[in-house]
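Peer 1: Quick one: the structure is below, and I'll ask about it shortly.
Derivation of every value follows stated rules applied to the coordinates shown; laboratory data play no part. The shown structure was predicted, so the numbers you read here are calculated from the model rather than taken from an experiment. Please note: Cβ atoms are built from the backbone with ideal geometry, for glycine as well, and neighbour counts cover all protein chains shown.
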Amino acid sequence: MAPHSPRARALAAVSLATVAALALAACGSSTGETDSRSGSGSAVSTRTVKTAMGDVKVTKAPERVVVLDTAELDSALTLGVKPVGSTHADVKSGFLNYLPEDRVADIKDVGQMMTPNLEAIAALKPDLILTSKVRHGDKYAELSKIAPTVMTENTGYPWKENFQLHAEALGKKAEAEKVTADYVRHVADVTKALGGKAKAAGTEVNMVRFVEGADIRIYGKKNYIATILADVGLGRPAITDKAADGFSYDVSPEKIDLADADVVFHSTYGDPKKAKETETTGGGLWKNMDAVKNGKVFPVDDQLWIQGIGYTAADKILDELRTKLTK
């Protein structure tokens, strides 16, 4: 069917009308301090949350939350909130595999992360949507018609600040304080297990990611995993200072030796062959790196180490750091 045929235009009109109708059914007032959605006519109190898109009035205790990215899903579950809907990352397992199956059971999949299904979201009648401007800023107008939409500016590196905004939107600030305090204690325990701050700082660590359809990434100091390594106090090689915008320094397999360090962790996104992992790790440059020869190269789960972006993921990463670095 041609994209601009009369039938296509008719179907598009029906689809837009459906979204609008569902949105009206799903939305309550987000402009006042009370909301009379309940059948009994009782008011639902709201509060104002400052977001990347301006002030947003949200229900004091949201009960039907939809999250549109992995960080928001981690935040909600960490805070004891089970979303009614979530997008999925581009992985075979649907929701990221580090999340316990019982915690994600019955969460409605509302589409791929970058292309959420607005009709599916509206059908869930959410009272809060969590996401980020970098992911869905272009869809803010549509999303905010469905439910109050709280967006952080970005994702990844500012994950701790983002978590606090998620907690505020969810009405879980007290729970957030406990989560962050527990994380600080966990970090201190891992640093101690590694021999203390000085020894940790003397161990230079690199994180390498093989990405299907892109160059190999040597992660810099401004991304999610880098913040955890920094919290533990681990050293980072000089190559990380060359990372573009602090995020990553990208290389071809012919320059993989630039990733050498005392310890190298590596993960793969996509097919290992298409991501050049198979070619690279089987080559001489990789095998001649000091980290490889010293048995200090560790494959890790990309879904956990790179894509999780939250405190539940961070706690699991801390446990793996302790295990692998104390071998």
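Peer 1: Under a crude label model (7 Å from the Cα following the beta-carbon direction), how far is Ala141 from Arg64 in nanometres?
Peer 2: The modelled label-to-label distance comes out at 2.5 nm.
Peer 1: In addition: How big is the shadow of the Cα convex hull of the chain, averaged over all directions, in nm²?
Peer 2: 19.4
Peer 1: Taking only DSSP H segments of four or more residues, each worth -39500 (n - 2.57), what value at 222 nm results for the chain once the sum is divided by all its residues, to the nearest 500 deg cm²/dmol?
Peer 2: Rounded to the nearest 500, it is -11000 deg cm²/dmol.
Peer 1: Here's another thing I want to ask about it. Rank Trp305, Trp159, Trp286 by mean-square fluctuation in a GNM of the chain with C-alpha springs under 10 angstrom and give only the top-ranked residue.
Peer 2: Greatest mean-square fluctuation among the candidates belongs to Trp286.
Peer 1: Ranked by Cβ crowding within 10 angstrom, fewest neighbours first, how are Tyr98, Tyr224 ordered?
Peer 2: Taking fewest neighbouring Cβ atoms as first place, the list is Tyr98, Tyr224.
Peer 1: How far is helix 159-170 tilted, in degrees, relative to the longest principal axis of the Cα atoms in the chain, given as a value from 0 to 90 rounded to the nearest 10?
Peer 2: Result, in degrees: 20.
Peer 1: If you restrict to DSSP beta bridges whose two residues both lie in the chain, what percentage is antiparallel, to the nearest 5?
Peer 2: 45
Peer 1: Report the local net charge at Thr240: Lys and Arg +1, Asp and Glu -1, summed over other residues whose C-beta lies under 10 Å from its C-beta.
Peer 2: Its environment carries a net charge of +2.
Peer 1: Something else: Normalised by the number of residues in region 26-171, what is the relative contact order in percent for Cα pairs under 8 Å and 6+ residues apart?
Peer 2: Contact order relative to length: 28 percent.
Peer 1: Taking region 52-135, which trypsin sites (Lys or Arg not before Pro) meet the DSSP loop condition and have no more than 13 other C-beta atoms within 10 Å?
Peer 2: Lys60, Lys92
Peer 1: How much FRET efficiency would the formula 1/(1 + (r/R0)^6) give for Phe247 and Lys274, where r is the Cβ-Cβ distance and R0 is 22 Å, rounded to 0.05?
Peer 2: 0.50
Peer 1: Here's a follow-up. Suppose the Debye formula is applied to equal point scatterers at every Cα of region 132-201; what is log10 I(q)/I(0) at q = 0.14 Å⁻¹?
Peer 2: -0.61
Peer 1: I would also like to ask the following. Would you mind counting up the charge near Phe163? Only other residues with Cβ under 12 Å from its Cβ, with Lys and Arg at +1 and Asp and Glu at -1.
Peer 2: Spelling it out: positives minus negatives among the neighbours equals -3.
Peer 1: Work out, in µm²/s and without decimals, the Stokes-Einstein translational diffusion coefficient of region 26-171 at 20 °C, 1.002 mPa s, Rh from Kirkwood over C-alpha pairs.
Peer 2: Answer from the Stokes-Einstein relation: 141 µm²/s.
Peer 1: Within 14 Å, Cβ to Cβ, of Lys197, how many net charges do the neighbouring residues add up to if Lys/Arg are +1 and Asp/Glu are -1?
Peer 2: Neighbourhood net charge equals 0.
Peer 1: Moving on. Enter the Cα centre distance for the pair region 271-327 and region 242-257, rounded to the nearest angstrom.
Peer 2: The two parts, judged by their Cα centres, are 16 Å apart.
Peer 1: Quick one: grab Rg to one decimal and Dmax as a whole number for region 181-325, Cα atoms only, in Å.
Peer 2: Rg, Dmax (Cα atoms, Å): 14.5, 45.
Peer 1: If you don't mind, another one. Which whole-number percentage describes the relative contact order of the chain, with Cα contacts under 8 Å and a sequence gap of 6 or more?
Peer 2: After rounding, I find 16 percent.
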